[in-house]
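Written out below as structure tokens is the structure these notes cover.
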Amino acid sequence: MPGDKARVGSFSEEVRMGPPLTGDRDAMIAFIRDSFDLRVGMRTRLWDGLIEGIKTLEGVEGRRVLFVITDGNDSGGTDVSRGDVRKRAIREDFMVYAVAINGHTLNGELQDVATESGGGYVIVNDSDDLKATLASVVDELRHQYVLGFSPATLDGKTHSLEVKVRTRGLTARAP
């Protein structure tokens, strides 16, 4: 959509980032088609890839979403862990959306990071499902709200909010 910006990266034996953040959809598609070497069957540095994604979007204004398409596995990289990604995503206000492809399942750790960051996860089986999933996530991002409150006194404590949804089929999520 107009005003949206994206950046593409990949992670396998190494984590590689594409061109800088851009709103030029055609340029991104051309880069993916012509320049992106997606390697299959190698080690997957999932947590390293997510941390690099966070780093490349540091200081960017607006909503920041890490959309990861994966087979759901992390077979090691540096000493970056799920906990590191979770802490940074929550502390720095990143939403993680995870999509498992080709019938793979997501590991529970990635599901937890996605849920706890206010994002979500889904499993798709073919490219048609992937297109519909991408469209669904974009639509969801366009229809989100932010709720907050100011306590009567600033007591330094964490306060919980309970949100109830009256319409069937809707779900309230929060990091």
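Please treat every number below as a calculation from the coordinates, not as lab data. Just so you know, these numbers come straight off a predicted model, no measurement behind them. Note that we place each Cβ from the backbone using ideal geometry, even for glycine, and neighbour counts take in every protein chain shown.
Below are the figures for this structure:
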item	result
Choice from Val60, Val15, Val96 showing the highest fluctuation, given a GNM over the chain with Cα pairs closer than 10 Å	Val60
At most 15 other Cβ within 10 Å, DSSP loop - chymotrypsin sites (Phe, Trp or Tyr not before Pro), the range 66-175	Tyr145, Phe149
Loop-resident sites, the range 115-175, for trypsin sites (Lys or Arg not before Pro), counting at most 12 other Cβ within 10 Å (DSSP)	Lys157, Lys164, Arg166, Arg168
Expected 222 nm ellipticity per residue - DSSP helices of 4 or more, -39500 (n - 2.57), all of the chain, to 500	-10000 deg cm²/dmol
Spatially near lysine pairs across the chain, Cα under 27 Å, sequence gap of 8 or more or different chains	7
GluC sites (Glu not before Pro), loop per DSSP, at most 15 other Cβ atoms within 10 Å - longest free stretch of the chain	93-161
Neighbourhood net charge (11 Å Cβ-Cβ; Lys/Arg +1, Asp/Glu -1) for Lys5	+1
Top positive-direction residue, dipole computed over the chain with Cβ charges, set Gly108, Met95, Gly23	Met95
Antiparallel content of DSSP bridges confined to the chain, in %, to 5	25
Debye, to nearest 20: dipole size of the chain, +1 on Lys, Arg Cβ, -1 on Asp, Glu Cβ	500
